[in-house]
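Q: Below are the structure tokens for one structure; questions will follow.
Quick note: the coordinates plus some simple rules give every number you see, no bench work behind them. All values derive from a computational prediction rather than experimental measurement. As a convention, Cβ positions derive from the backbone with ideal geometry for all residues, glycine included, and neighbour counts pool all protein chains shown.
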Amino acid sequence: MELKGKTALITGASKGLGKEIALRFASEGCNLILNSRGKDSLERVAEECKRMCIFCETFAGDITENRTIDSLSEISKRKGLDILFNNAGMIIIQPSEKNTDKEMRDIFALNVLAHINLTQKLIPLLKERGEAQIVNIISNSGLEGRPNMSLYCSTKFALRGYTDSLRKEVNKHGIKVLGVYPGGIRTNLFDEIKDYNMSGFMDPKEVAQIIVDACKLSKGASVDDIVVNRTNK
Ligand SMILES: NC(=O)c1ccc[n+]([C@@H]2O[C@H](COP(=O)([O-])OP(=O)(O)OC[C@H]3O[C@@H](n4cnc5c(N)ncnc54)[C@H](OP(=O)(O)O)[C@@H]3O)[C@@H](O)[C@H]2O)c1
């Protein structure tokens, strides 16, 4: 897809991988609709993007809440939408017997249900375009289980199932569905985990570049899955 002049909606765009993807899309001349909960950090990213693209709208809100999904859908209808980036996410790292009921609900609400909810609302818009792209940021934790990450891995396996099924459903409408499975990336994801060792983690800029390049393929070619691993595991 030629990215210049297209419009992409990115959730979790204020930090980490989402921020780098937003900046790369903007540098390709792609217009943006950006979301995260924190307004100030989101506006800072939008200011940078606006120097490179025609418009960059922001909506600060929690995507586990229906009113945020409704607002993002309304903006997308008004602006048009070519690319949906389901990126926002959280992690919990602890022995499985410590997982509380609230933690279970919160992580599934964000890492799985919010993405499905937003995608379902936007599929009709994407179908209208004739050529569109959905990108789901999963994780290599959606490919294999890990100790102390049972909840995180469960959500990523669930999103993988949704991604693979959706692709088979919407490809015929000109919508490509890309599942992205990165290993450790140096982002803010681990901020709340005490003394988490991120040495050897990948640069989010490099991972973002690979994803944006995949979106640039012509209508006749599709990358279905991207696995990006760090070399020094
Ligand atoms: N970092 C890694 O090693 C790694 C590896 C594989 C996959 N991933 C995946 O990559 C994706 C991006 O993570 P990241 O590593 O870039 O983490 P990050 O730096 O923590 O960024 C997460 C983004 O999501 C936003 N967010 C969090 N909760 C939200 C909510 N309820 N509603 C709306 N926005 C919300 C955050 O902003 P606010 O806090 O302001 O809302 C932030 O912009 C996640 O799906 C993660 O699972 C990360």
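Q: In nm, to one decimal, how far is the modelled label at D195 from the one at S165, with both set 7 Å along Cα→Cβ?
A: It works out to 4.2 nm between the two label points.
Q: Can I ask one more? Search the structure for amide H atoms under 5 Å from the amide H of I185, placed 1.01 Å from N in the peptide plane, and list their residues when 5 or more places away or on another chain.
A: Placed amide hydrogens put M202 under 5 Å from I185.
Q: Counting Lys and Arg as +1 and Asp and Glu as -1, what is the net charge of the other residues whose Cβ lies under 12 Å from the Cβ of Y162? Could you put the intermediate results ahead of the total?
A: Values: positive: K156, R160, R167, K168; negative: D164, E169.
Residues near Y162 contribute +2 overall.
Q: Shifting gears a bit: Cα axis of helix 39-50 to longest principal axis of the chain: angle in degrees, 0 to 90, nearest 10?
A: Approximately 40 degrees, to the nearest ten.
Q: For segment 209-222, take each phi angle, set θ = phi - 60°, evaluate the Karplus expression 6.51 cos²θ - 1.76 cosθ + 1.60, and give the result in whole Hz per residue in order, putting x for glycine and proline.
A: So the J values, rounded to whole Hz, are 4, 4, 5, 5, 4, 5, 6, 8, 4, 5, 4, x, 9, 9.
Q: Per 0.36 nm of contour for each residue apart, how much would the distance between K39 and N148 grow if the chain were fully extended, relative to their Cα-Cα spacing? Don't skip to the end; give the middle numbers.
A: Numbers: separation 109, 0.36 × 109 = 39.24 nm, distance 3.17 nm.
Residue separation times 0.36 nm, minus the Cα-Cα distance, leaves 36.1 nm.
Q: Restricting to the chain, what percent of DSSP beta bridges are antiparallel, rounded to 5?
A: On the way: 0 of 28 bridges.
The antiparallel proportion sits near 0 percent.
Q: Let me ask something else about it. Provide Rg over Rh for the chain; use the alpha carbon set for both Rg and the Kirkwood Rh (inverse mean inverse pair distance).
A: Values: Rg = 16.7 Å, Rh = 17.7 Å.
Checking Rg against Rh, the ratio lands at 0.94.
Q: Please list, in order along segment 17-30, the HN-Hα scalar couplings obtained from phi with the Karplus expression 6.51 cos²θ - 1.76 cosθ + 1.60 (θ = phi - 60°), rounded to whole Hz, x for Gly and Pro.
A: 5, x, 4, 5, 5, 4, 5, 5, 4, 4, 5, 8, x, 8
Q: For the chain, what is the charge dipole size about the Cα centre, in debye to the nearest 20, if Lys and Arg each add +1 at the Cβ and Asp and Glu each add -1 at the Cβ? Mind showing how you got there, number by number?
A: Working: 34 positive and 30 negative charges, 85 e Å.
Charge dipole of the chain: 400 debye, to the nearest 20.
Q: Arranged from highest to lowest average of other beta-carbon atoms within 10 Å per residue, in what order do the peptides 190-196, 34-40 appear? Can you show the working numbers first?
A: Values: 190-196: 10.6, 34-40: 18.4.
Result, highest mean first: 34-40, 190-196.
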